[in-house]
Structures are given as structure tokens and as C-alpha cells.
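The values are calculated or read from the model by the stated rules, or taken from the named source; none is laboratory data. Just so it is clear, the structure is predicted and the values come from calculations on it, not from any experiment. With ideal geometry, Cβ positions are generated from the backbone for all residues, glycine too; neighbour counts draw on all protein chains shown. Ligands, DNA and RNA are stripped out before the accessible areas are found, and what is left, the full protein with its side chains, is counted by its heavy atoms. Shrake-Rupley method; radii C 1.70, N 1.55, O 1.52, S 1.80 Å.
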Amino acid sequence: MTEQTDAPTADGPQGGQRPRISVIGTGYLGATHAAAMAELGFDVVGVDVDPAKVAALSAGEVPFYEPGLPELLVRGVESGRLRFTTDLAEAAAFADVHFVCVGTPQRPGSNGADLRYVEAAFEGLAHHLTHDALLVGKSTVPVGTAARLAARVRETAPAGLRVELAWNPEFLREGKAVADTLTPDRVVVGGATTWGEDLLRAVYARSLAAGTPFIATDLPTAELVKVSANAFLATKISFINAISQVCDRAGADVTVLADALGHDVRIGRQFLNAGLGFGGGCLPKDIRALMHRAGELGADSLVALMQDVDEINMWQRQRVIDMAVQTCGGSVLNRRIGVLGAAFKPDTDDVRDSPALNVAAGLHLRGAQVVVYDPEAGETSRRIFPSLTYGTSTEEAVADADVVLVLTEWPVFRTADPKALLSRARPGATVIDARNCLPADAWREAGWTYRGLGAAR
Ligand code: UGA
């Protein structure tokens, strides 16, 4: 690997007008990124170690639920611009710009991130390179990782090639991944020379022409932008959840309060929905990894802040379990509980660290007869909690229930007919709206006992 110098050329390193792209890791992030790049007209190869995933994607099938992605994938594959392989060497030989999108899950028994996949991807790529290349990290990593990887890539890449590493964090949300990738809020690039920056400007040309801000910075700042964004979002959610407890005690309504706060542009209304709290494959593990890294760096204020954010968040799950137990008169043993929602949020089948599934499992462990229904996450839930009972409709989950819990705010639950549902539940049934997403008055009028979190009585 050559030292990083500035020698601009707008073309791909192989001399083509458009750089060829590889995407390493084809999970939610990588599969979407690969399909979006093909949609933008680039020739793309996606790489994954899982042959089943590669076979599915090659056949135009998305192995998870993400609205809009199947159409994008099929278009890319049919156009001939998008293909998938398990062979990293093939990708190294093909592409000029390599996006590393592999997972950085929480390390078992630690708050720190497990970096083995990201390390293997960079090292494997560097080892197989046959021509000049830009290696771009998209995975979320602890600050300091990219500089270490750059040094390792320098040692591993064949001599005489221009091989550079840059960090380009990803901000896409599951459920909105396609739009977030095709029209990002901002493009952040860390550690790129003019050569690398020009390549990435070519990759993101359409967004940049539409006015998307391009922020060029160093590696540690780029790494930290990503985790700080997630940490801030998590803090906002835990803040409103802590306020919702005050609302409960004081008889105030947290939703009205959040609406009123949101009119202040300095605060904004988004991510102020009080409820069961945050889950998924990103926010929980990212705040823990940040806590861990900040501790290593001696940045103790942030450690304390993230600890509180995490604790408030986890407490929300207990709070909802306690509400159900209390509603059942102190014990849920042999009581029928209908659970609506298992995914960590709507528009996804992802149940990683899902508050909904945690609450359902917690009630099941306490002896309740729990029937869970989620429009998309039935299969993924069953893989994690096979012992829970899964219904195939809202009506089935609600049938004969003493208590119904709304744990994921899918539109089908928000718009359900409370009168029709009450006729299926036990007389005098209670609905616990743990996402504050139902029209409370309509449910009360239909005869339900309605309980929200921080919802005025
Ligand atoms: C999050 C970030 O929003 C993305 O910008 C980021 O790129 C991504 O993580 C990532 O690191 O890859 P995501 O995990 O898809 O995206 O989910 P969010 O939409 O952020 O929701 C996270 C959780 O917060 C969900 O469980 C949701 O129900 C909860 N939430 C959200 C609330 O409890 N209240 C709110 O007001 C908003």
C-alpha cells in the first residue's frame, strides 16, 4: 500500500468513467447499499460468507423484510449490474471501491464491539487486491478502529499498489433503508485523500448534485459522528421515557407534552415517542460500545450518561411487565395475554434486542399464556423464542385475552377496530398501549380499560 498522497483523478482506478463497486457483507446495510449502488448505475458485486444468503440475493430474493428493497434488488440483478458471490478474491479483482458493511455485534460478556468480522473483511480484501483500490468502512466501529485497520491494510496490501482506507458511516434506518441510502441526509467521509474523496464524490454524485451535504473529516471524527448520532437518539428516547414516569405520577399526558416540546425547532418532535423504548441491532449495542470505548479513553461523563440512558431504556420493559402483572391483580399465572407486535419497530421483521419480544417472553416466564402476533416478525421471533405461541392475526392474539399489550406500533394495530376486538377478548379486558399509539378515546368508548405510558387517565 502506498502512503496516502493527493493525486486526483476523477475516474475509477481501472480507468473507467465510473468506479466499480464491491460491498462486503450483505445484511440489512450491505444488501441495501449494493442494490442502491446498482440502481444508481454502478457495476456492483456483493460478497457474503453465507452461501444461502448469496444464493437468495442472486435469485432476487431479500432474506429479510425491508420495504422497497425486493424491487430494487430484482432490478439490479436483472440489469446485469448487480451480482453476489462468496469469493472475496473475485470482488478484490473486480472493484475499485470496496464498501465494508459487515456487522459489529456486541461482544459476548462485554459491552465492547466484536470487531472480528470487520478485521477479517479488511485484511482479506487487502490480501487479495490486484490493482489500486479504495477500501471504505461503513460498519459502526469504536473510535480508533479505522486508524488501526489502515495500518494493518498498509502492511498486508501488495507493494506498489495505491490502496487507501476511508470511513464513510451509514445512517440508514431499517424500514426506510432504501430511501435513506438513495437520498441520505448527509455524506460523511473520514480519512480520504483527494483521490479517495473524488472517488466517493463520484459514487455519491447524484445526492451531492441534489444538495446533500458532504462532510470531509479525519478518521476518528467520522467514526464518532455515527455513534454520537445513535447515542443522541437513544438519549432523546430515554429522556422522554423518564419524563413519562413523571407524567404518570403527576397525571400529565406525555404525548401532548412531546407535541408541545416538538414545536421548538431546537428540540424537534422526532424520537420523543414515549413507550417501550429502543431496541434493534444498532442503538442498544452502539451505546454500550460507546460506553466501553469512552471508559477506555477515560471520558467518564459520557460513560455515566450512556449508563443512565441504557438503564432507563431497559427499565421500560420491566415497567410494562409490571403494568400487566398489576392489571392481572398481582400475578399473570395462567392468564391469557395477547401480544401485538414482536419486531423492535414497525416495517421490519428484525427482532434483535426487541423490547416487544422481551416483554412477551418475560410474561411467558411468569406463567402467562401468551399469544404473539406480528405482521412480519413471526418467523424471526420463533427462531429466538420457539416456546412462545404465535398467532396469525390480531384477532387470534386477542381471542379470550384478559390483557392485550400493543408492543410494536404497526399500522394494522393502530387502525384496528376496538369494538370488534373487544367482542373476542374476555369481558372487561384491558389494553396496555406500550407505544402510546392507539386512539385512546376510541378504545375507551368501545369498552376497553385503556392504559398507556405517561398517558393522562
Ligand atoms: C438506528 C438509527 O436511527 C439510524 O440512523 C442508524 O443508521 C441505525 O440505527 C444504525 O446504526 O444502523 P434503526 O436501528 O433502524 O436505526 O431504528 P430507529 O428507527 O432508530 O429506532 C430504534 C428504536 O427506537 C426502535 O426500537 C424504536 O421503536 C425506538 N424509538 C424510536 C422509540 O422508542 N421512540 C421514538 O420516539 C423513536
Exercise. Having 1 or more residues that are more than 22 Å from the chain's Cα centre (by Cα) and within 26 Å of Arg148 (Cα to Cα) is the bar; report the helices (runs of 4 or more DSSP H) wholly within the range 197-274 that clear it.
Key: 219-250
Exercise. Kindly list the number of the only condition in (1) within 12 Å of the ligand (Cβ to nearest atom); (2) part of a helix (DSSP H, G or I); (3) in contact with a helix residue (DSSP H, G or I) (Cβ under 8 Å, 6 or more places away or on another chain) that fails for Lys285.
Key: (3)
Quiz item: Which of the residues belonging to the range 140-154 are touching a strand residue (DSSP E or B) at 6+ places or on another chain (Cβ under 6 Å) and part of a loop (DSSP other than H, G, I, E, B)?
Solution: Pro142
Quiz item: Residues of the range 415-443 being loosely packed, with under 15 Cβ neighbours inside 10 Å and of a type in the set (D, E, K, R), which ones?
Solution: Asp417, Lys419, Asp441
Exercise. Sort out which residues of the range 98-122 are surrounded by 20 or more Cβ atoms within 10 Å (Cβ to Cβ), among the small types (Gly, Ala, Ser) and modelled with pLDDT of 95 or more, and write them in order of number.
Key: Ala121
Quiz item: If we only count strands (runs of 3 or more DSSP E) wholly inside the range 390-457, which ones have 2 or more residues that are of a type in the set (Val, Ile, Thr)?
Solution: 403-406, 430-433
Quiz item: Out of the residues in the range 119-154 that are of a type in the set (Val, Ile, Thr) and within 18 Å of Ala192 (Cβ to Cβ), which is nearest to the ligand (Cβ to nearest atom)?
Solution: Val141
Practice problem: Give me the pairs, please: first residue somewhere in the range 240-257 and within 14 Å of the ligand (Cβ to nearest atom), second residue anywhere and of a type in the set (D, E, K, R) and open to solvent by 40 Å² or more (accessible area, probe 1.4 Å), beta-carbon distance under 9 Å, and either six or more positions apart or on two chains. | Solution: Ala242/Asp308; Val254/Asp248
Quiz item: In the range 353-387, what count of residues is obtained for those that are open to solvent by 50 Å² or more (accessible area, probe 1.4 Å) and of a type in the set (Ser, Thr, Tyr)?
Solution: 1
Exercise. Residue by residue through the range 155-182, note down the ones that are part of a helix (DSSP H, G or I), crowded, with 16+ Cβ neighbours inside 10 Å and more than 15 Å from the ligand (Cβ to nearest atom).
Key: Thr156
Self-check item: Test: Gly330 is away from the ligand (no atom under 16 Å from the Cβ), under 30 Å from Thr145 (Cα atoms) and open to solvent by less than 70 Å² (accessible area, probe 1.4 Å)
Solution: no
Exercise. Enumerate the strands (runs of 3 or more DSSP E) found wholly within the range 11-101, keeping only those where 1 or more residues are farther than 20 Å from Thr181 by Cα.
Key: 82-85
Self-check item: Per-region count, the range 350-387, residues β-branched (Val, Ile, Thr) and part of a helix (DSSP H, G or I)
Solution: 3
